[in-house]
1. Out of (1) modelled with pLDDT under 85; (2) touching a strand residue (DSSP E or B) at 6+ places or on another chain (Cβ under 9 Å); (3) exposed (fewer than 15 other Cβ atoms within 10 Å of the Cβ), the odd one out for A89 is which?
2. Quick check on my filter: what residues within segment 28-47 are surrounded by 10 or more Cβ atoms within 10 Å (Cβ to Cβ) and modelled with pLDDT of 85 or more?
3. Consider segment 62-86. How many of its residues are of a type in the set (S, T, N, Q) and at pLDDT 80 or above?
4. Find the residue count for segment 129-144, including only residues that are among the hydrophobic types (A, V, I, L, M, F, W, C) and touching a strand residue (DSSP E or B) at 6+ places or on another chain (Cβ under 7 Å).
Amino acid sequence: MPAVSSEVGLERALKRIRTEGPAPQRSRRAAGPSLVDRISDWLAAVLPQPVLRPAFAGAVAVVALQAVVIVHLMGQRDDDVSEIRALQASVVDKGPYLKVNFKADAREADIRMLLVEGNGSLAAGPGQLGDYYVRVPTGQVMAFADKLKASGIVDGVAVVDGLPARP
């Protein structure tokens, strides 16, 4: 059997380990790009060419300004709605009104024509029970009620003093 050199084998490996020490370990952060590098690479991919960046910044500013204006207008909307309700409550006049119930097979066009012929206007309705409240010029209430009763599309007519309360 041939003689084995002293440079080969366990002795040589142990000698190298003692003299060199442990190998430096690479951290996971050093292995890949940092978070800042990844964000800057993403921004570079998303943003347009350097020539177009001022226009892109202007577009972003316009969108931000629109968002601020919309939020501001949404805050004012509640005030307007309550103001409109107060105006409606003061404008609505008291009766008399005609509470009219139309037959189930009555067409909308026929209902409109009947109201126009009597110079009436729809004040409220239809409610859950199909009640329409019709405003008629003063002095014509009874004549219009008789005309509605004679119509073939009306189930019932009643004179009322005011509109029902809104829920």
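The values are calculated or read from the model by the stated rules, or taken from the named source; none is laboratory data. As the structure is a computational prediction, the values presented were derived from the model and not from experiment. For neighbour counting, all protein chains shown are included, and Cβ atoms are generated from backbone atoms with ideal geometry for every residue, glycine included.
1. Answer for A89: the failing condition is (2).
2. Passing the criteria: S34, D37, R38.
3. First, the residues of segment 62-86 that are of a type in the set (S, T, N, Q): 66, 76, 82.
With at pLDDT 80 or above added as a condition, the list becomes 66.
Looking only at that region, the number is 1.
4. From segment 129-144, those among the hydrophobic types (A, V, I, L, M, F, W, C) are 129, 134, 136, 141-144; that's our starting set.
Of the ones still in play, those that are also touching a strand residue (DSSP E or B) at 6+ places or on another chain (Cβ under 7 Å) are 134, 136, 141, 144.
So the count comes out to 4.
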